[in-house]
Amino acid sequence: MLAQVTSLAVLGVNAYAVQVEVDLAPGLPSFNTVGLPDGAVRESKERVRAALTNSGFFMPVNRITVNLAPADVRKEGAAFDLPMALGILAAAGAVPAEALLGLGVVGELALDGALRPVRGVLPMAVEAARLGLKALVVPAENANEAAVVEGLVVLAAGRLDQVAAHLVGREDLPQAQADPGLMQSQGQEYGLDLNEVRGQEHVKRALTIAAAGGHNVLMVGPPGSGKTMLARRLPTILPPLTFAEAVEVTQVASVAGVLSSGHALITERPFRAPHHTVSDVGLIGGGSVPRPGEVSLAHHGVLFLDELPEFKRQVLEVLRQPLEAGQVTVTRAAASVEFPARFMLVAAMNPCPCGFHGDPQRQCTCAPQAIRTYMGRVSGPLLDRIDLQVEVPAVPFKDLSAETAGPASAVLRQEVLDARGLQQGRLSRYGLFCNAQMNTALTRRFCPLSPEGLSLLERAMERFKLSARAYGRILKISRTIADLEGADRIGLAHLSEAIGYRSLDRGMA
């Protein structure tokens, strides 16, 4: 007897259909899985055997062969447990094979027949809807996640015997429904606010510009000046996620296995802050079976690298591709996959090993060579890709003790939203949403300078020995500053402020 069940698997952050073919043939009892299964898939036979027996079914005394097609793509994970079990039941005649037609099935089996959640259900649901499957059976804990996809019937199952009963018509599996107010949590408070940081108004201004244009930013200052506090409050002034962005963010989290059990959709922009001991694979993604790294988990959010020079040089250099392209390509012998990685890079560092170079209150104890070596840990090409370089001095006592605070995050966020609205009006036809995403042609089109502006920028380029990439980034920052002020054209004041955010270029010139 032969039976076929449609399942799904994930490659990168996208899913593809896998046909689970089960054949029962005469011969000595055995259970063989073919189709490039990994260790977890090969072990499925023991879980399936125990789950069938403990759910009240008889394990066929036959030669069982399970083929996972396409056979030239490596399969991994435990999501094929449930389709294998149902395929055996259908081949043995315990459930009607026609009931499995047009049905997608994924799920890991416990030895008692209970279903456990699996990774990557959201991209699987997206692919199931694209394929036109009539329904998708998933573990109950994954049901809310899958129900986000419109036009797909999602059936939540708790046990193997419940799925079998549904197929023979004895009972119906509950249908998961998406929460219509799913994105309303966007208005919830973060529990943090920029006005909690005393002083540093010029840094808050720089972060507002970064948020308005989607720019990368580096903060340089002594220990205790508030760099980490400022970075952690940046998400409070970013625009809320759109529904499409939220689906992309949730897909990455689902594939990586970091989506909370029973969670439907991530509705807040990610904030990832890996430790400086992270490896290049941990940061960029990879492995024998490629998995998303921190840059992809920060997709549509913020990647915060504290103590930037303490990261290994080769780890920092792998950031170049995602900072330019907004995606990561990981190539292995088995496959080449792409992960989305469009994030804002926010980095913080001390100006020297002791942290007090240039501080008027504390004396620096570092030798000049030690300072140059420390700053040289961050390469010029990487600094070139950081739009705003901001000095964060120690906070004076009068600012720390002041009763009045600066603008609240809600006020700054509205300024950012207004500026983003202007940008979307210009860029939405090109599939872009903020100034940082503009290519060279769009930058020239939307960032024209007056003759006086061109003269000013030429002098700055020569004085600070700026690169062509820095030239383009200054134009983009100028455009964002003009948008924050609602100006149609870039003025000298906008351009001067943008040039002022190349502090490290000035220091090295």
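Observations on the model:
- Bridges between two residues of region 264-369, per DSSP, are antiparallel at a rate of about 55%.
- Amide H to amide H distances under 5 Å link Glu391 with Val220, where only residues 5 or more positions off or on other chains count and H is placed in the peptide plane.
- Principal axis box of region 28-175, alpha-carbon based, largest edge first, Å: 47, 37, 25
- Here the Karplus curve 6.51 cos²θ - 1.76 cosθ + 1.60, taken at θ = phi - 60°, turns the phi angles of region 359-364 into couplings of 7, x, 9, 10, 7, 6 Hz, with x standing for Gly and Pro.
- At a probe radius of 1.4 angstrom, the accessible area of region 330-483 per residue rounds to 51 square angstrom.
- Cut-off under 5 Å, modelled amide H: who pairs with His357 long-range: Cys352
- When both region 353-416 and region 227-288 are represented by their alpha-carbon centers, they are found 25 Å apart.
- Derived scalar couplings between HN and Hα for region 47-57 equal 5, 5, 4, 5, 5, 4, 5, 6, 9, x, 9 Hz in order, rounded to whole Hz, by the Karplus curve 6.51 cos²θ - 1.76 cosθ + 1.60 (θ = phi - 60°), x for Gly and Pro.
- With coordinates expressed along the principal axes, the C-alpha atoms belonging to region 95-181 extend over 33, 26, 20 Å, beginning with the largest.
- In this structure, the amide hydrogen of Gln327, modeled 1.01 Å from its nitrogen in the peptide plane, lies closer than 5 angstrom to those of Ala341, counting only residues at least 5 positions away or on a different chain.
- Cα-Cα pairs of region 163-282 separated by more than 18 Å (percent): 67
- 0 to 90° range, to nearest 10: angle between helix 81-91 axis and the chain longest Cα axis: 20
- Cα gyration tensor, region 344-448 - rounded (a/c under 1.5), prolate or oblate: oblate
- 1.4 Å probe accessible area per residue over region 1-63, in Å²: 49
- Counting only alpha carbon atoms, the long axis of helix 243-256 and the longest principal axis of the chain meet at about 70°.
- Apolar share of the accessible surface for the chain: 53 percent from carbon plus sulfur atoms, 1.4 Å probe.
- Region 129-134 - phi-based ³J(HN,Hα) in whole Hz, Karplus 6.51/-1.76/1.60, Gly and Pro as x: 5, 5, 6, x, 5, 6
- Among 17-27, 437-447, the peptide with the highest mean count of other Cβ atoms within 10 Å heads the list, and the full ranking is 17-27, 437-447.
- Cα-based reach from Lys75 at 19 Å (exclusive), listing lysines while leaving out same-chain residues under 8 positions away: Lys45
- Under 22 Å from the Cα of Lys476 - lysines, other chains or at least 8 residues apart: Lys204, Lys465
The values are calculated or read from the model by the stated rules, or taken from the named source; none is laboratory data. The model shown is predicted, which means the values in this text are computed figures rather than measured ones. Backbone-built Cβ (ideal geometry, glycine too); neighbour counts: all protein chains shown. Surface areas here come from the heavy atoms of the whole protein model, side chains and all, with no ligands, DNA or RNA. Shrake-Rupley method; radii C 1.70, N 1.55, O 1.52, S 1.80 Å.
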